[in-house]
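What follows is a short report on a single structure.
Readers should treat all values here as calculations from the given coordinates under stated rules, not as data from a laboratory. These numbers come from a predicted model, not from an experiment. Cβ sites come from the backbone with ideal geometry, for glycine too, and all protein chains shown count toward neighbours.
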Amino acid sequence: MHHDKIILNHGGGGLLTKELISNLFYTYFKNDILLEQGDSAILNTEAGHLAFTTDSYVVDPIFFPGGNIGKLAVCGTVNDLSVSGAKPLYLSAGFIIEEGLSMNDLEEIVRSMAEEAKKAGVQIVCGDTKVVNRGKCDKVFINTSGIGILEDRHKEIGSGRKIQVGDKIIINGFVGDHGIAVLGARKSLNFQTEIKSDCASLSHIIQEVLAEVDVHFMRDATRGGLATVLNEIAEHRNFGIEINEDEIPVREETQGVCELLGFDPLYLANEGKVVMVVPADKVEVCLSILQNNELAKDSRTIGEIVESYPGKVILKTSIGGRRFVELNTGEQLPRIC
Ligand code: MG
């Protein structure tokens with residue numbers, strides 16, 4: 001689809017984002033490292049393997065139940081490094097601040113970044129500050145980049161090359177909490193919810209799993225939700241993915257809000273959820289490590305890698321039907337992260 005101008009959906013994480021990245025960014029920037037398309041770029045240096053990643057945060061509102069834009073900016077980048085198999089070490093923090101932002105709000109944001117960085121085991125070691133005129137950005141936007149190190153045996157985790165038919169797919173808990181919490185905090189949508197964002201750094205729990213389990217692939221299910229990650233896994237690969245609707249952890253309240261507003265929980269954003277692809281004989285040990293941790297106590301096996309329907313994601317529904325789960329092409333929710 002050709003567009004003369006950027007529309008909001010170019011940032012939605014679905015098909016239009018994918019087209020923008022492939023047709024524009026990859027065309028001009030292309031190199032072998034970028035085209036691996038992992039959550040982090042894997043750099044093979046003389047000093048060892050490094051993971052390097054960057055992300056910008058524009059969430060609206062900047063404070064929401066369970067977090068704020070600062071906590072999100074640390075967790076998101078820490079998680080992109082972690083799901084690449086790396087141990088996150090250093091972050092940068094760039095701030096674009098709108099004239100008029102309250103100093104108290106900024107301090108609260110920075111304070112929670114420091115707190116989350118400590119929890120995640122990373123240091124924020126460089127940064128940048130810009131202030132723009134009132135109305136030229138919305139309160140504050142934050143960019144974080146991150147660097148981590150990874151062991152040789154983990155360097156293919158982000159590429160998906162190790163995925164095999166028969167591997168099981170695990171998720172570490174309820175989907176959609178972040179999306180629902182942020183939407184609920186937007187007064188305009190007029191619904192109230194008890195649900196808090198799942199925003200959390202998964203560095204420690206992922207390192208614990210990696211110490212025991214030969215994880216074949218990982219990705220954090222952020223913008224675009226579980227459905228988008230599963231499609232990214234299936235895409236370009238010679239296999240399909242089959243998931244069971246009954247096994248996917250969805251809170252009753254999330255389901256309710258989705259029915260009310262016409263969303264699908266599979267496409268809602270998460271900020272503390274990792275999708276793991278593991279060999280079938282390692283599922284038990286993987287789940288026992290995960291379920292022992294507060295951030296993953298509701299972990300479940302939700303499906304498996306299958307030979308049929310290469311490149312496709314098939315959902316076995318509660319009532320016994322089957323349908324494809326497509327990459328989202330419809331309206332997405334802007335500024336969810
Ligand atoms: Mg990611």
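Through the Karplus equation 6.51 cos²θ - 1.76 cosθ + 1.60, θ set to phi - 60°, convert the phi angles of region 225-231 into ³J(HN,Hα) values in whole Hz; use x for Gly and Pro.
Result, ordered by residue: x, 4, 4, 5, 4, 4, 5 Hz.
So, in nm, how far is label Ser318 from label Phe63 when the simple model puts each one 7 Å beyond its Cα toward the Cβ?
Those two pseudo-labels are separated by 3.6 nm.
Just the C-alpha atoms of region 82-193: what Rg/Rh do they give, with Rh taken as the Kirkwood radius?
Across region 82-193, the Cα-based Rg/Rh ratio is 1.07.
Normalised by the residues of the chain, what does the relative contact order come to in percent, with Cα pairs under 8 Å and at least six apart? Could you put the intermediate results ahead of the total?
Numbers: 755 pairs, mean separation 77.9, N = 337.
Worked out over the chain, it gives 23 percent.
Please name which of Val283, Thr254, Asn104 has its Cα lying farthest along the dipole of the chain towards the positive end, using unit charges on Cβ (Lys, Arg +1; Asp, Glu -1) and the Cα centre as origin.
Farthest towards the positive end: Asn104.
Which of the lysines could a cross-linker span from Lys316 if the Cα-Cα distance has to be under 23 Å and same-chain partners fewer than 8 positions apart are dropped?
Here the lysines satisfying the reach criterion relative to Lys316 are Lys168, Lys273.
R0 = 35 Å: FRET efficiency of Ala211 with Glu307, Cβ-based, nearest 0.05? Don't jump to the answer; show the numbers that get you there.
Working: r = 31 Å, r/R0 = 0.88.
Once rounded, the FRET efficiency stands at 0.70.
How high is the relative contact order of region 8-154, given as a whole-number percent (alpha carbon pairs under 8 Å, six or more residues apart)?
Values: 250 pairs, mean separation 46.3, N = 147.
After rounding, I find 31 percent.
Name the long-range amide H neighbours of Val274: under 5 Å, sequence gap of 5 or more, or other chain; modelled H, no Pro or chain starts.
When sequence neighbours closer than 5 places are left aside, the close amide H contacts are Asn172, Ala221.
Scan around Leu89 for amide H atoms under 5 Å from its own, H built in the peptide plane at 1.01 Å from N, and keep only partners 5 or more places away or cross-chain.
Correct list: Ile147, Gly148, Ile149.
By average Cβ neighbour count within 10 Å, what is the ranking of 250-261, 84-95, 301-312 from highest down?
84-95, 301-312, 250-261
Near Lys139, which aspartates and glutamates are there with a Cα under 19 Å away, not counting those fewer than 8 places off in the same chain?
Asp55, Asp60, Glu98, Glu99, Asp105, Glu107, Glu108, Asp128
Bin width 10 Å, alpha-carbon pairs only: give the P(r) of region 181-337 as whole percents, running from 0 to the bin holding the largest distance.
Pairs per bin, as whole percents: 9, 38, 37, 15, 1.
With θ taken as phi - 60° and the coefficients 6.51, -1.76 and 1.60, list the Karplus ³J(HN,Hα) couplings across region 282-288 in order, rounded to whole Hz; mark glycine and proline as x.
Those phi angles translate into 10, 4, 4, 5, 4, 5, 5 Hz.
Compute the normalised compactness of the chain: alpha-carbon radius of gyration over 2.2 N^0.38 Å, N being the residue count.
That ratio works out to 0.96.
Between Asn133 and Leu34, 0.36 nm times their residue separation minus their Cα-Cα distance comes to what?
Residue separation times 0.36 nm, minus the Cα-Cα distance, leaves 32.2 nm.
Val110 to Asn292: FRET efficiency via 1/(1 + (r/R0)^6), r the Cβ-Cβ distance, R0 25 Å, to the nearest 0.05?
On the way: r = 32 Å, r/R0 = 1.29.
Using R0 = 25 Å, I get an efficiency of 0.20.
Set the Förster distance to 30 Å, then compute FRET efficiency between His204 and Met103 from the Cβ-Cβ distance, nearest 0.05.
Once rounded, the FRET efficiency stands at 0.40.
Quote to one decimal, in nm, the extra length available between Thr54 and Asp4 on full extension: 0.36 nm per residue of separation minus the C-alpha distance between them. Can you show the working numbers first?
Values: separation 50, 0.36 × 50 = 18.00 nm, distance 2.69 nm.
Taking Thr54 through Asp4 to full extension adds about 15.3 nm, to one decimal.
Name the residues whose placed amide hydrogens come within less than 5 Å of the amide hydrogen of Val131, ignoring near sequence neighbours (fewer than 5 apart) on the same chain.
Residues meeting the criterion, in which the H sits 1.01 Å from N, are Ile97.
Can you give the net charge of the other residues whose Cβ lies under 12 Å from the Cβ of Val58, counting K and R as +1 and D and E as -1? Display every interim value, and only then the final one.
Working: positive: Lys139, Arg223, Arg335; negative: Asp55, Asp60, Glu98, Asp138.
Counting the neighbours of Val58, the net charge comes to -1.
Sort 263-273, 290-300 for me by packing, meaning the mean count of neighbouring Cβ atoms within 10 Å per residue, highest on top.
Top to bottom by mean Cβ count within 10 Å: 263-273, 290-300.
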